[in-house]
4 protein chains.
Amino acid sequence: MTLEDFQRRLRDFADERDWQQFHTPKNLAMALAGEAGELLELFQWLTPEQSAQVTRDPSTGENVRYELADVLAYLLRLADVLEIDLMAALDEKMTLNAAKYPVELAKGNARKYDQLGQEDQ
Amino acid sequence: MTLEDFQRRLRDFADERDWQQFHTPKNLAMALAGEAGELLELFQWLTPEQSAQVTRDPSTGENVRYELADVLAYLLRLADVLEIDLMAALDEKMTLNAAKYPVELAKGNARKYDQLGQEDQ
Amino acid sequence: MTLEDFQRRLRDFADERDWQQFHTPKNLAMALAGEAGELLELFQWLTPEQSAQVTRDPSTGENVRYELADVLAYLLRLADVLEIDLMAALDEKMTLNAAKYPVELAKGNARKYDQLGQEDQ
Amino acid sequence: MTLEDFQRRLRDFADERDWQQFHTPKNLAMALAGEAGELLELFQWLTPEQSAQVTRDPSTGENVRYELADVLAYLLRLADVLEIDLMAALDEKMTLNAAKYPVELAKGNARKYDQLGQEDQ
């Protein structure tokens, strides 16, 4: 299955339930952010180390898996209703990021691109 | 390109910059939610109708495209470090949702599954 | 009761449960954003008009009230552990915003301050 | 100044700019979540220890202060347009939480109330 296949399934799912009326880009952006918020709640009290092992507990692991699936579902729906090609967008964005974060400046630090190299000045 | 291809490219991108240290699941979940928040900001003052035409303005349209790309990037990274198969997770979740939201009950309303059919009781 | 009173109560509540260990600024920022996400979920499928009447339904109204309370609780905790005076910060920010959004330019439009007046140029 | 004073100032600020039209509860919930997302971005790559010292850097400290102010501003606006008494809501919620999280069960762990005491069973 490709992303387009999932987009078609999700579109059909919405159509059958007459949910297209709710699926404005604005509402889908909210739904996506709501799912991202649920994902946060699974990680908020964990140490970095605990977060790396979150899938070892079957119940929490399943929760994380399904939250990721929910985020993906709304992301695909939103791209579908806006007719945005997600993969092409990501490809472009990665090219931009490679220019914004040159290896020699970005290596080992997490500063934003507009603050890279500031310590050296 | 497949999602796995993008995951490999994103992993290499992080490796080259020694960013794996920052990419704990906890941090990636925060970054994903942060990007979802930026997406919200593009839609927050729009009417539903305006939100449906958001890509007509080239500058806003590009912003939306890149925010979707950012969300996808962090979603792919998070799934990668947790070794979660996103497509399999979505496939499962859609099967669950089909059971939770039967067409005859869910049609035309946006209630949560645990409140479906309440008006009829 | 003042905000400081609530901050003291929330601090005592955390102390008694030995929760200070979880209440790093990072974790509290996540918890705040998680609650904001739950708030979104209450509004995501509503029309603007429905959202204005959300408190008419007692059950939804209560949910909204408690989500606002949760956001306030984490906001107060976060300001407390960072020793930030929330009211002073808001006072300053409002002065800044008055300068960024002069009435004659901002009137009736929701553009960001750095795009104000662009149509006139 | 009290919260009500700030709510009046924020209402006047919106009135003068003819922004009431944008300030539906739905839109304000999005704006609040958007600001929470910006807050996340300030913390996402920090270790727990770094996050505790985030105000030591004057520039980051100011950013954090203003993000907290922004969250408070939208929280106050939202409560204002919905005519919700934030302090009363928080007072009630804290009473509920005291019952949901009894000290003897919640002490030293961050489990959700519906999972408290599970290890003992």
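Using the alpha-carbon atoms, what tilt in degrees (0 to 90, nearest 10) does helix A:86-100 show relative to the longest principal axis of chain A?
The two axes meet at around 10 degrees.
In deg cm²/dmol, rounded to 500, what helix-only [θ] at 222 nm does chain D give when every DSSP H run of at least 4 residues adds -39500 (n - 2.57) and the total is split over its residues? Kindly include the intermediate steps, with their values, before the conclusion.
Numbers: 6 runs with 82 residues, N = 121.
Per the formula, -21500 deg cm²/dmol.
Please list 3J(HN,Hα) in residue order for region A:27-44, calculated via the Karplus relation 6.51 cos²θ - 1.76 cosθ + 1.60 where θ = phi - 60°; whole Hz, with x for glycine and proline.
5, 5, 5, 5, 5, 4, 5, x, 5, 4, x, 5, 4, 3, 4, 6, 10, 5
Would you mind checking the tilt of helix A:58-82 against the longest principal axis of the Cα atoms of chain A, expressed as 0 to 90 degrees and rounded to 10?
With both axes taken from Cα atoms, the answer is about 80 degrees.
Using a 10 Å cut-off on Cβ to Cβ distances, tally the other chain neighbours for every residue of A:92-99 and report the average as a whole number. Spell out each step's value before the answer.
On the way: counts 4, 8, 6, 0, 2, 6, 3, 0.
Partner Cβ neighbours, averaged per residue: 4.
Considering every residue in D:77-88, what mean count of other chain Cβ atoms within 10 Å of its Cβ is obtained?
Details: counts 0, 6, 6, 0, 2, 9, 1, 6, 2, 7, 7, 3.
Average per residue, whole number: 4.
Give me D for region A:1-84 in µm² s⁻¹, whole number, from Stokes-Einstein with Rh from the Kirkwood sum over alpha-carbon pairs, 4 °C and 1.567 mPa s.
Working: Rh = 14.1 Å.
Stokes-Einstein gives a translational diffusion coefficient of 92 µm²/s.
Hey, can you rank B:33-42, B:53-62, A:77-86, C:9-18 by average C-beta count inside 10 Å, highest first? List each step's numbers first, then the result.
Numbers: B:33-42: 25.5, B:53-62: 13.1, A:77-86: 19.1, C:9-18: 15.6.
Output ranking for B:33-42, B:53-62, A:77-86, C:9-18: B:33-42, A:77-86, C:9-18, B:53-62.
Expressed in nm², what is the orientationally averaged projection area of the convex hull enclosing the Cα positions of region A:51-121?
Projected area, direction-averaged: 7.1 nm².
Can you quote the Å³ per residue value for the convex hull of the Cα atoms in the protein assembly as shown, rounded to an integer? Spell out each step's value before the answer.
Values: hull volume 77.2 nm³, N = 484.
With only Cα atoms used, the protein assembly as shown gives 160 Å³ per residue.
What distance in nm separates the simple spin-label points at residue D:112 and residue B:109, each placed 7 Å from Cα in the Cβ direction?
Distance between label points: 2.4 nm.
Among the listed pairs C:26/C:100; C:93/D:107; A:107/C:93; A:93/D:112; A:107/B:93; C:112/D:100, give every one whose C-alpha distance is greater than 32 Å. Could the numbers behind the result be given before it?
Numbers: C:26/C:100 29 Å; C:93/D:107 38 Å; A:107/C:93 35 Å; A:93/D:112 38 Å; A:107/B:93 38 Å; C:112/D:100 42 Å.
Checking Cα-Cα distances, C:93/D:107; A:107/C:93; A:93/D:112; A:107/B:93; C:112/D:100 exceed 32 Å.
Where the only charges are on Cβ atoms (+1 Lys, Arg; -1 Asp, Glu), what is the dipole of region A:3-84 about its Cα centre, to the nearest 20 debye? Present the calculation step by step, with values, prior to reporting the outcome.
Details: 8 positive and 16 negative charges, 18 e Å.
Around 80 debye, computed over region A:3-84.
None of the figures in this text is laboratory data; all of them are computed from the coordinates on show. All of these numbers come straight from a predicted model, not from anything done at the bench. No Cβ is skipped: glycine too gets one built from the backbone with ideal geometry, and neighbour counts run over all protein chains shown.
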